[in-house]
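Undergrad: Below is the structure I would like to discuss, written out as structure tokens.
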Amino acid sequence: MPTTKTFVTHLECSVTGDRYAADELHNLSAAGKPLLARYDLDALARSVNKQMLQSRPPELWRYREFLPIRQAHDIVRLGEVMTPILASPYLQRRLGMSSVMIKDEGRLPTGSFKARGVAVAVSMAKALGVTRMAMPTNGNAGAALAAYGSRAGIESYIFCPDDTPQINVNEINFQGAHVWKVNGLINDCGRIVADGKAAMNWFDVSTLKEPYRIEGKKTMGLELAEQLNWQLPDVILYPTGGGTGLIGMWKAFAELEAIGWIGPKRPRMVAVQASGCAPIVKAFNEGQSHAELWQNAHTQAAGIRVPAAIGDFLILDAVRQSGGFACAVDDEAILEMQAQVTRQDGLLLCPEGAATAAALAQEVATGRISKDERVLLFNCASGLKYPMPTNDRYLDIGQPIDFAQLQQQAAGSAR
Ligand SMILES: Cc1ncc(COP(=O)(O)O)c(C=O)c1O
């Protein structure tokens with residue numbers, strides 16, 4: 001049977017450091033905290049080098065030694081491409097900066113970076129014999145679970161807040177999962193998943209309540225390091241909900257340093273939230289190590305509307321250790337940035353991605369980010385999955401086309 005040459009050794013409680021077996025099903029540790037996968041990094045470093053990566057296909061599985069899957073036949077694939085890092089000439093002009101880059105995760109299967117975490121989690125669930133999974137979602141993770149679950153032949157139950165973008169709900173349903181809208185927030189949906197465990201016998205794949213979504217998200221850090229020729233940016237701005245991506249990238253950088261592929265220099269990690277739901281920002285500003293439940297959470301950036309994150313302490317640790325910070329932006333600034341970057345750079349950002357651009361503008365103005373820093377923003381999903389302004393101009397081919405009027409209308413919508 002073909003193996004994938006993983007170097008995973010065990011799982012470790014992120015608080016107590018207690019060890020758990022790697023090849024068994026786990027949710028949280030006995031202490032109720034996330035479990036992190038650990039690897040024999042010395043053996044990994046002897047087995048693979050930077051040059052070897054270059055001959056592999058441009059996909060997430062090129063980092064297989066850093067991932068936990070043992071048997072190649074357990075890998076569930078939908079085409080997990082490497083996502084491009086693109087300059088933003090518009091933001092560079094507007095902010096007077098020389099290097100603003102956007103990593104566009106909207107190119108992944110199901111249109112968001114959730115594919116990374118879910119591809120790895122579902123592959124492991126398949127390897128460990130799971131037949132039914134459940135998840136709370138703000139939309140994108142559920143869409144990914146539906147697709148990967150169907151592909152793997154594993155049944156999925158998905159619960160989302162009732163104002164989740166309808167396209168996500170339709171997509172989840174159409175891709176073969178069972179989905180319900182719930183008159184609550186994502187933490188209320190999470191409670192349904194936890195409460196239903198005994199009656200429904202499903203495996204809880206909530207963010208950080210199973211150990212492998214973070215391993216998939218870790219590939220964002222490995223990938224961006226490789227794409228930037230192992231020279232990490234000065235600052236990374238990440239739209240933070242549950243924070244898996246930020247924690248995953250931080251873990252990637254630690255593993256890369258341990259095997260000698262990068263040095264000790266780290267990007268300053270900036271956790272970006274919306275002013276209507278900013279528990280991590282509040283905890284950061286107050287010097288707390290855990291965040292409080294955010295009341296009346298609201299923002300149009302659905303993916304970052306997470307009032308309580310189980311990995312809050314891991315997000316705050318990473319941000320602080322990196323010398324970064326957490327900041328919040330208003331929906332108005334988010335939507336203005338989304339419109340501008342989309343129109344001027346030809347990059348259809350999702351609102352969460354636009355939040356990182358709005359945060360950059362805000363923090364260049366406050367001086368917390370300087371204009372000469374090399375900055376990387378994350379656009380975590382395709383803007384195609386969100387509501388857009390509509391256009392219903394129409395031409396009747398039965399009538400002569402009035403090009404003067406056409407020109408006038410075009411001028412009316414010019415940038
Ligand atoms: C588009 C988008 N951006 C950001 C996030 C937040 O991701 P994380 O849970 O890694 O903080 C989500 C999560 O749903 C999302 O869908």
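Values in this text are rule-based calculations from the coordinates and carry no lab data. Since this is a predicted model, take the numbers as computed values, not measurements. Cβ coordinates were reconstructed from backbone atoms using ideal geometry, including for glycine residues, and neighbour counts include every protein chain displayed.
Undergrad: Quick check: Cα centre of the range 265-295 to Cα centre of the range 129-194, how many Å?
TA: Measuring centre to centre over Cα atoms gives 26 Å.
Undergrad: To continue, here is another question. With a cut-off of 8 Å between alpha carbons and a minimum separation of six or more residues, what is the relative contact order of the chain in percent? Don't jump to the answer; show the numbers that get you there.
TA: Details: 845 pairs, mean separation 67.8, N = 415.
Relative CO of the chain lands at 16 percent.
Undergrad: Too long at a 29 Å Cα-Cα cut-off: which of 217/385; 181/209; 5/181? List each step's numbers first, then the result.
TA: Details: 217/385 20 Å; 181/209 21 Å; 5/181 41 Å.
Violating the 29 Å Cα-Cα cut-off are 5/181.
Undergrad: Only helical DSSP H runs with n ≥ 4 go in: add -39500 (n - 2.57) per run for the chain, normalise by residue count and round the 222 nm mean residue ellipticity to 500 deg cm²/dmol.
TA: Rounded to the nearest 500, it is -11500 deg cm²/dmol.
Undergrad: Something else: Taking Cα atoms, how many degrees apart are the long axis of helix 244-258 and the longest axis of the chain, rounded to 10 and kept between 0 and 90?
TA: So the inclination is approximately 60 degrees.
Undergrad: How far is helix 114-127 tilted off the main Cα axis of the chain, in degrees rounded to 10, range 0 to 90?
TA: Helix 114-127 and the main axis of the chain meet at about 30 degrees.
Undergrad: Would you mind checking which residues have amide H under 5 Å from residue 10's amide H? H placed 1.01 Å from N; only 5 or more apart, or other chain.
TA: Correct list: 38.
Undergrad: How about the range 333-402: which trypsin sites (Lys or Arg not before Pro) there are in a DSSP loop, with at most 14 other Cβ atoms within 10 Å of their Cβ?
TA: 371, 393
Undergrad: I've got another one for you. Using each residue's phi in the range 385-391, evaluate 6.51 cos²θ - 1.76 cosθ + 1.60 at θ = phi - 60° and report the 3J(HN,Hα) Karplus result to the nearest Hz, with x for Gly and Pro.
TA: Once rounded to whole Hz, the list reads 8, 10, x, 10, x, 9, 9.
Undergrad: Additional query: How much net charge surrounds residue 147 when only other residues with a Cβ under 12 Å from its Cβ are counted (Lys, Arg +1; Asp, Glu -1)?
TA: On the way: positive: 77, 114, 151; negative: 80, 171.
Value of the local net charge: +1.
Undergrad: Here is a follow-up. Residue 105: net charge of surrounding residues, Cβ under 15 Å, Lys/Arg +1, Asp/Glu -1, itself excluded?
TA: Residues near residue 105 contribute +3 overall.
Undergrad: Neighbour counts of other C-beta atoms within 10 Å: give me 325, 113 arranged from fewest to most. All intermediate terms of the calculation are to be shown ahead of the outcome.
TA: Numbers: 325 20, 113 33.
Ordered from fewest to most neighbouring Cβ atoms within 10 Å, 325, 113 come out as 325, 113.
Undergrad: Taking K and R as +1 and D and E as -1, what net charge do the other residues with C-beta under 13 Å from the C-beta of residue 278 add up to?
TA: Net local charge, residue 278 excluded: -3.
Undergrad: Using only the alpha-carbon atoms, how far is helix 351-366 inclined from the longest principal axis of the chain? Give it as 0 to 90 degrees, nearest 10.
TA: 80
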